[in-house]
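I have placed the structure first, in the form of structure tokens, so that the comments after it can refer back to it.
The values are calculated or read from the model by the stated rules, or taken from the named source; none is laboratory data. Just so you know, these numbers come straight off a predicted model, no measurement behind them. Note that each Cβ is placed from the backbone with ideal geometry, even for glycine, and that neighbours are counted across all protein chains shown.
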Amino acid sequence: MQLGFIENVMFSLRTLYNTYGYAQYTMSKFEEYDLYARNKDFLISDSVITFTDTNGKLMALKPDVTLSIVKNSKDEPNTVQKVFYNENVYRVSKGSHSFKEIMQVGLECLGAIDDYCICEVLTLAAESLQHISPACILDVSHIGLLSDLIDRMGVPSEKKAELFKCIGEKNTHELQNICREVGVDDVAIGTLKQVVTTVGKPSNVLPKLSVLLSDLPSWGDFEHIIRALENDAISEKLRIDFSVVDDIHYYNGIVFKGFINGLPAAVLSGGQYDKLMQKMKRQSGAVGFAVYMDMLERLDNTASEYDVDVVLLYDETTDLAILRGKVSELIQGGFRVLAQREKTETIRYKQLMKLRGNEVEILENNA
């Protein structure tokens, strides 16, 4: 994967978020280690690089941005703060399985979170995936609904985390064993298994899920949000999948993961994390997501075959104004252009062009 592709994705995502009124948030490279030690379950990896500061405090190179934003933002429950970030984090990469400095892009919406905020974040998550590749899908679930259903079944609280693990793995056999172990009847077990295995486009699965879940307190909110997106341009990228779960101690509502064809794991993850806000003594709600840029290094993108789209050759007789105009014209047409006097063997290009007077001649076409 060429660095140019990843940089282009980051630029397009920053532009997208800014268009929706999100302001860029910048922060220090490190925080007190205690922040991450108290919230290890919220992190992708519990491996954190630490060092001792000059005052004796144990510090950490930040492995996550969301925790820093929550810690350093104002707690204003009656307003909505919308921020995006483009920050380096330091953690074990899924690709290399070793510590790495990773660029992470994402956004957070904090404060008086309502259904519009959640719809907007889901929309931006789906659009973010499409900026990476049109072959993408956003799987959406709801922690609150699953938790309500499990509570109704009478599952003891000490077994909930174990049951959620089975749901995330779609391990219906072990799920059934746990439920029977705590005395859940077969009808309720069958309902939970149906919910976990009913996956598909909202228009196809909402009617089926409504029969199973409509009497639960969280169903109305979930259905309202999903229905609001049915006629949106992103609707074709949405898929309901209740096996998408995250830590029940942090997340309380909508949760989602984004996938790109050709990559084995999610490149985007997010959700509503009011419980994390409460744990950090905040009255506000919050919803957001992160795009894991290190995953994109594994994406087989055709753009990586070439350094530029066009090498435009000129010579000492070329009119400077005409040259600048032709370069600008090609760039506006969506091409990456390198203008130079001589052909360079180390540059990989789709097309080699030569500017002769006012005209451009194509010398080679490798596309």
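Residues of region 320-333 that are in contact (Cβ under 8 Å) with a residue 12 or more places away in the chain and out of contact with any Phe, Trp or Tyr (no Cβ under 6 Å at 6 or more places or on another chain): Ile322, Lys326, Val327, Leu330.
Taking the criterion of being outside any helix (DSSP H, G or I) and buried (at least 16 other Cβ atoms within 10 Å of the Cβ), the only residue of region 182-194 that qualifies is Val184. The residue pairs whose first member lies in region 239-267 and is outside the structural domain of Leu149 (by TED's automatic domain parsing), whose second member is aromatic (Phe, Trp, Tyr) and part of a loop (DSSP other than H, G, I, E, B), and whose beta carbons are closer than 6 Å, counting only pairs six or more residues apart or on different chains, are Tyr250/Tyr273; Tyr251/Tyr273. Going by the structure shown, is Cys166 crowded, with 20+ Cβ neighbours inside 10 Å, out of contact with any strand residue (DSSP E or B) (no Cβ under 8 Å at 6 or more places or on another chain) and either among the aromatic types (Phe, Trp, Tyr) or under 18 Å from Val244 (Cβ atoms) (or both)? Yes; evaluated as a whole, the condition is true for this residue.
Could you check, for region 195-202, whether at least one of its residues is under 20 Å from Arg152 (Cβ atoms), without any contact (Cβ under 8 Å) to a residue 60 or more places away in the chain and loosely packed, with under 12 Cβ neighbours inside 10 Å? The answer is no; no qualifying residue exists. Of all the residues in region 67-100, those that are of a type in the set (S, T, N, Q), at pLDDT below 90 and not in a loop (DSSP other than H, G, I, E, B) number 3. Restricting attention to region 267-286, does a residue exist that is modelled with pLDDT of 90 or more, surrounded by 19 or more Cβ atoms within 10 Å (Cβ to Cβ), assigned to a loop (DSSP other than H, G, I, E, B) and among the hydrophobic types (A, V, I, L, M, F, W, C)? Yes, region 267-286 has at least one match. Quick test for you: out of Ser147, Ser128, pick the one residue that is within 15 Å of the chain's Cα centre (by Cα) and either in contact (Cβ under 8 Å) with a residue 12 or more places away in the chain or over 28 Å from Ser28 (Cβ atoms) (or both). The match here is Ser128. Pairing each residue of region 150-169 that is within 14 Å of Gly183 (Cα to Cα) with any residue that is among the basic types (Lys, Arg), provided the two are 6+ apart or on different chains, yields C-beta distances under 8 Å for Ile150/Lys160.
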